[in-house]
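Encoded as structure tokens, the structure appears first; notes follow it.
Here, each number is a calculation from the coordinates, and none is a lab measurement. Quick caveat, the model's predicted, so the values are computed rather than measured. No Cβ is skipped: glycine too gets one built from the backbone with ideal geometry, and neighbour counts run over all protein chains shown.
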Amino acid sequence: MKGIVALKDIAWEGVVIGIFVLSFLFFPACKKGDKVEIKTENGVTVVYNPKNPAPRRGFPTTLSIKEDLSLGAKEESRESMLLEPAVVDADEAGNIYVLDRKAVQIKVFDPEGNFLRAIGRSGQGPGEFQGIRYFQITPQKNILATDPTSRRVTIFSLDGQFKKDLSTGKMWMFLSAKMAPNGDIVGSHTIMDQEARTELVRFNANMEPVTTVASVPIARYPVFNPYFPRINFDLTPEGNVIWGLTTEYEFKVANRDGKVIRKIVKKYEPEFLTQKDKNERAKELWGNEETPPDVQVEWPKYFPPVEDFILDDRGWLFVRPFVKEKTVGGVPYDVFDAEGKYIARVSLPARARRIKSGKLYTIEEDKEGLLHVKRYTMEWK
């Protein structure tokens, strides 16, 4: 009897060991240290992410992308052509809105790519643009267009009816205003003084300042950093501001009062800035000319870790990290879920301009040098 019991114990032990081994085969363990840690520091929730993705077991992390539409310069009429597409958005019905900077208009296409209408035109009157740089389809189902040249933001209905202009006053380089669900408007502008800085400000619906979310020094004459910190920002579905600097792999979420309520931090391997890199950057800035004699260049030790980011309509964060060695056939993105956990690194066909309702929108150049707006279906597996 004891022998039978012993055999049963051995058999059961074998089953347990087998299950344990299979778990390693079918659910690969994260590398050492690849663990997300969430802490509360001075009342702020801080999400510390490892260098490698650390998704929950069974969480879909493989992204399948398929192109399903292309809008280009070879359309039936000049009115429907995209001469210089720069910004893309889509409404709930799937209609596509494209800012054509050369035409100085926002052009609208249905989900199948058929041209519907153009919004705005070049001019100085109500509903006209002098130098439109950005637009957003707002939570209120309007269009908010930013025109730094005329120093105003303009609101249209989705069918193109002019609603009102709002002055941005004397703010310089106010480039990309975004509206929150409560009607607040958030945007950044540059202040040029002895110390130049960029300020990220939250305004109410009448463009009156509510709070300064961030104020970042970018230069102090005559010292100049060729990789000075740039602010990237977006709005969460709840209307909070998420922002970060290109010089840090860290993002802050601030509420309407400007209080930081969450931080998202990721470990990364910094890329050293070599003398060759410095020479190439100097040529980009000043051409074949020497560095201006009245400028004192202050080079950083490393490249900035972040290029830019966007949020999708679920609140997932897609970060385009700096990659020194560019690869053919894709742009890498680090993906964080709505809690700020690093779940995947994916490759997108081009820089992401908008992600909505499971669709990716990009602007890509073909072999002839023509720009196309492309739409892709995204499926996580």
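Data for the structure
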quantity: All-pairs Cα distance distribution in the chain, expressed in whole percent, bin size 10 Å; calculated: 4, 19, 28, 26, 13, 4, 3, 2, 1, 0
quantity: Fully extended contour minus Cα-Cα distance, from residue 78 to residue 308, at 0.36 nm per residue; calculated: 79.5 nm
quantity: Lysines with Cα under 23 Å of residue 66, excluding same-chain neighbours fewer than 8 positions away; calculated: 74, 326, 356, 359, 367, 374, 381
quantity: Given charges at beta-carbon only (K, R positive; D, E negative), |dipole| of the range 225-340 in Debye; calculated: 260 debye
quantity: Using alpha-carbon coordinates, inclination of helix 2-26 to the longest axis of the chain, degrees; calculated: 20 degrees
quantity: 3J(HN,Hα) from dihedral phi, the range 156-169, Karplus parametrisation 6.51/-1.76/1.60, rounded to Hz, x for glycine, proline; calculated: 10, 6, 5, 8, x, 6, 5, 10, 6, 9, 10, 6, 9, x
quantity: ³J(HN,Hα), Karplus 6.51/-1.76/1.60, whole Hz, each residue of the range 295-309, x for Gly, Pro; calculated: 10, 9, 7, 10, 7, x, 6, 10, 5, x, x, 10, 8, 5, 7
quantity: The range 30-186 - Debye-derived log10 I(q)/I(0), Cα point model, q = 0.13, 0.18 Å⁻¹; calculated: -0.74, -1.00
quantity: For the range 159-279: lysine pairs under 27 Å (alpha-carbon distance), excluding those fewer than 8 apart on one chain; calculated: 15
quantity: Residue of 289, 364, 112 that the Gaussian network model of the chain assigns the largest fluctuation, springs spanning Cα pairs under 10 Å; calculated: 289
quantity: The chain - charge dipole about Cα centre, Lys and Arg +1 at Cβ, Asp and Glu -1, debye rounded to 20; calculated: 920 debye
quantity: Most mobile of 223, 331, 104 in a GNM of the chain (Cα contacts under 10 Å); calculated: 223
quantity: Euclidean distance between Cα centres, the range 283-301 to the range 327-372, Å; calculated: 32 Å
quantity: Under 5 Å, built H, 5+ apart or other chain: amide partners of residue 69; calculated: 375
quantity: For residue 61, distant residues with modelled amide H under 5 Å away; calculated: 381
quantity: Cα gyration tensor shape of the range 324-374, rounded if a/c is under 1.5, else prolate or oblate by comparing a/b with b/c; calculated: oblate
quantity: Mean separation of Cα contacts under 8 Å (6+ apart) over length of the range 31-380, as relative contact order %; calculated: 17 percent
